[in-house]
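Report on the structure given below.
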Amino acid sequence: MDKLLVACSLLALSGACHGATQTWDFIGSGGSGSINRNIIPNTRNLSDDDNSMSVNMTAWSAYNDEDIFQAELWLSQWGTLVFNSSGDQHYTDNYGRFDFILLSFSEEVELAGISVAYADTDSDISIAAFNSNPFSGGSQMDRWSQVSSYAVASSSFSNVGASPVNHYYSLNTGSNLSKTTTGVGSKYWMIGAYNHYFGSGLTAGNDFLKFGGLTTKTTTPTTEVSEPVSLSLFALALLALAGRRKLS
């Protein structure tokens, strides 16, 4: 009976966990300035709205057949801007080069949804999760075909920036439940304009996006035992005592 009580107690406690949702705001106070610029590789660091986690953001860009290089990332009043050449379009886009933003979180998270502050022409995106930083070697990295082979999961999504402006798009509900990235937890996520190496079937070259933010999810155990669990353990203890009396 003692063993049964312990087993039941552990079972009840194993359910004592909670999920947390984090909101990340990519809208900054600066403008885009002149788009005739030199590319300065840089890093942006953010905390979620509750200051419970942090993320390191870098931008990467390349054609299909060239080595990937670190681009310049802006968090503007219109959302994310990626500059990969002098006079480049101030979007996260796939016009010519494919632009991606690497998000290195302080904890393992699932991507739940993306806010699109602005989109032009079309708004197909690709996302991918990695076990480690795929660009840890610095600039002039592998090509997109090779980087996609490092991903533990990747999916592409059609028309995420549908009107109205500041549209929120869920990545893990409805028809997206069948995507390979649903339910995947990772510290390293990449988001960007559609690239066929991360999920085929859409049209590239016309996707221009400004991401306004993200929502992520974590599931962590808690040592706090809720009232229903406490009552269950108390009831099990009473049953154990009753069983001992019958045996004596």
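The values are calculated or read from the model by the stated rules, or taken from the named source; none is laboratory data. These numbers were taken from a predicted model, which means no experiment stands behind them. Glycine gets a Cβ as well: all are built from the backbone with ideal geometry, and neighbour counts include every protein chain shown.
Overview of results
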read-out	value
Condition broken by Tyr194, with the remaining ones in (1) over 20 Å from Tyr91 (Cα atoms); (2) surrounded by 14 or more Cβ atoms within 10 Å (Cβ to Cβ) satisfied	(1)
Residue within the range 141-149 that is touching a Lys or Arg at 6+ places or on another chain (Cβ under 9 Å) and in the same structural domain as Asn195 (by TED's automatic domain parsing) present	no
Residue match in the range 54-68 (condition: within 17 Å of Ser115 (Cβ to Cβ) and either in contact (Cβ under 8 Å) with a residue 40 or more places away in the chain or not small (Gly, Ala, Ser) (or both))	yes
Search result, residues across the range 40-62 that are among the acidic types (Asp, Glu) and within 14 Å of the chain's Cα centre (by Cα)	Asp48
Output for the range 76-94, where each listed residue is within 22 Å of Ser186 (Cβ to Cβ) and under 17 Å from the mean Cα position of the chain (by Cα)	Thr80, Thr92
Any hit, the range 42-64, residues being at pLDDT below 90 and under 23 Å from Val109 (Cβ atoms)	no
Among the residues listed as Ser163, Ser156, Ser148, the single one being in contact (Cβ under 8 Å) with a residue 24 or more places away in the chain and outside any strand (DSSP E or B)	Ser148
Residues being assigned to a strand (DSSP E or B) and without any contact (Cβ under 8 Å) to a residue 60 or more places away in the chain - total across the range 166-201	4
Asp65 vs. criteria in the same structural domain as Gly183 (by TED's automatic domain parsing), farther than 22 Å from Phe157 by Cβ, assigned to a loop (DSSP other than H, G, I, E, B) and under 16 Å from the mean Cα position of the chain (by Cα)	no
Matching strands (runs of 3 or more DSSP E) fully within the range 73-132 where at least 3 residues are within 22 Å of Asn38 (Cβ to Cβ) and in contact with a Ser or Thr (Cβ under 7 Å, 6 or more places away or on another chain)	79-83, 98-121
Filtered residue count, the range 1-41, keeping only those that are modelled with pLDDT under 50, part of a loop (DSSP other than H, G, I, E, B) and surrounded by 16 or more Cβ atoms within 10 Å (Cβ to Cβ)	0
